[in-house]
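Okay, so here's the structure we're looking at.
The values are calculated or read from the model by the stated rules, or taken from the named source; none is laboratory data. Remember, it's a predicted structure, so these values are computed and weren't measured experimentally. Reconstructed Cβ throughout: ideal geometry from the backbone, glycine too, with neighbour counts over all protein chains shown.
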Ligand code: HAM
């Protein structure tokens, strides 16, 4: 039997109510903050991500689904949305119509990582990007929005970590400070970190190797080497979060796995999901638009992993939803009435009601079992003595009350009970 590809997952009808609930919560909160939805293609030219995310990142270096199409163009299934959103922003000159463009998305992403609980090769993100303002108030807004969404889903076990990576000039200075500190320890670093020493020394903070972590523990901190502007902006974010009543910790080692960040970065972790704790992450990326061919434009954003959030919700039992009930289940007493039942169902469906009936010639008892299974609000019996007299029997499934109505008055009756 052919199975789904490793790291991918079917979202079955029984999972859908939870997904829909999450999506509607996300959309509601994005609407409160006046973000507009954007949808971009599943694949893009590979150079967009290579340039946007950074050649040296794990995502570009080892995780992208890249392939050549028949015209020999290198394409990549999108591993994240920020670069794609910026591409669309530039291509359609969205900034010409509005100086601050606030966008949100809910979309599948693709990364060839080692699958484990909460880590997939096709996963889904929701996220937001605000392009056109350097205001740290927008950074605070990103943290507030993501936190409010997670809280609205009932999650409790959350930790917000924030950091500032400063401006590129600050970072260049700091990289030298860090290199100096690590110079005599370089030989003891892991292979990956030794490579990063030359390519992107900041990423050594990302190393999961214990001996690397020990070596880097006492390193000078970027946060203590910030330029004035970054420091002031970081203070504004902190003050604003305090005003919003949002708890946070400063994590000077939070560098994130994408190269486009400047100044603020943040992550929200959950203590309820095992090893993959990051539910969402983001930050400011003031240079990306320029790097992708636009004029200098400051921007900030975040993205959150839906599978991981739903896992946290499940583990915390943070919300429960049931599938929508159907309005009316039609129960056929005699099999010959099959086409009459289908006709009545069709009429009621055109009255905007959800209606179903048995297509398998099952017994009345089996049909009633089905009515219960689909959570029908009402059952309409068609057949028996009543039917011979031009009547039908309605049963309210929650009160068990029954009522007889004439076939001709179904419409009026249904309109009345469904009010
Ligand atoms: P990211 O940290 O790479 O950031 O991903 C954001 C979230 O996506 C993670 O916190 C995690 O919940 C989820 N995620 C990532 N990889 C996987 C995976 N393999 N399986 C399941 N979930 C995953 C970004 O993607 C940036 N574009 C965020 C951003 C937007 N920064 C500025 N604007």
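Annotations for the structure displayed:
- Considering residues of region 237-247 that are part of a helix (DSSP H, G or I) and in contact (Cβ under 8 Å) with a residue 40 or more places away in the chain only, the residue surrounded by the fewest Cβ atoms within 10 Å (Cβ to Cβ): 244
This table checks each residue for (1) surrounded by 14 or more Cβ atoms within 10 Å (Cβ to Cβ); (2) modelled with pLDDT of 90 or more.
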| site | (1), (2) |
| --- | --- |
| 151 | yes, yes |
| 155 | yes, yes |
| 165 | yes, yes |
| 182 | yes, yes |
| 189 | yes, yes |
| 199 | no, no |
| 202 | yes, no |
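- Entirely in region 283-381, the helices (runs of 4 or more DSSP H) that have 3 or more residues that are touching a residue at least 40 places away in the same chain (Cβ under 8 Å) and assigned by TED's automatic domain parsing to the domain that holds residue 238: 288-291, 306-316
- Among the residues of region 329-366, those that are more than 39 Å from the chain's Cα centre (by Cα) and buried (at least 16 other Cβ atoms within 10 Å of the Cβ) comprise 331, 332, 333, 337, 340, 341, 344.
- Residue count for region 248-278, restricted to those that are part of a strand (DSSP E or B), buried (at least 19 other Cβ atoms within 10 Å of the Cβ) and within 18 Å of the chain's Cα centre (by Cα): 5.
- Whether a residue is within 16 Å of the ligand (Cβ to nearest atom), under 18 Å from the mean Cα position of the chain (by Cα) and at negative phi was assessed, and residue 299 does not pass this test.
- Top-ranked residue of region 106-135 - restricted to ones that are out of contact with any strand residue (DSSP E or B) (no Cβ under 7 Å at 6 or more places or on another chain) and not in a loop (DSSP other than H, G, I, E, B), ranked as farthest from the ligand (Cβ to nearest atom): 116
- Inspection of region 307-324 identifies at least one residue that is buried (at least 17 other Cβ atoms within 10 Å of the Cβ), within 30 Å of residue 47 (Cα to Cα) and at pLDDT 95 or above.
- Pair list, Cβ under 8 Å, 6 or more apart: region 251-279 residue closer than 10 Å to residue 161 by Cβ, other residue within 9 Å of the ligand (Cβ to nearest atom) and at pLDDT below 90: 265/256; 267/256
- Residue satisfying all of: in region 72-92; in a helix (DSSP H, G or I) and surrounded by fewer than 20 Cβ atoms within 10 Å (Cβ to Cβ); nearest to the chain's Cα centre (by Cα) among these: 88
- The listed residue being part of a loop (DSSP other than H, G, I, E, B) and either within 13 Å of the ligand (Cβ to nearest atom) or touching a helix residue (DSSP H, G or I) at 6+ places or on another chain (Cβ under 7 Å) (or both), out of 7, 95, 52: 7
- The set of residues from region 386-410 being surrounded by 12 or more Cβ atoms within 10 Å (Cβ to Cβ), under 43 Å from the mean Cα position of the chain (by Cα) and either at positive phi or not in a strand (DSSP E or B) (or both) comprises just one member, 397.
- Residue under evaluation residue 156, criteria (1) within 16 Å of the ligand (Cβ to nearest atom); (2) out of contact with any helix residue (DSSP H, G or I) (no Cβ under 6 Å at 6 or more places or on another chain); (3) assigned to a loop (DSSP other than H, G, I, E, B); (4) touching a residue at least 40 places away in the same chain (Cβ under 8 Å), criterion not met: (1)
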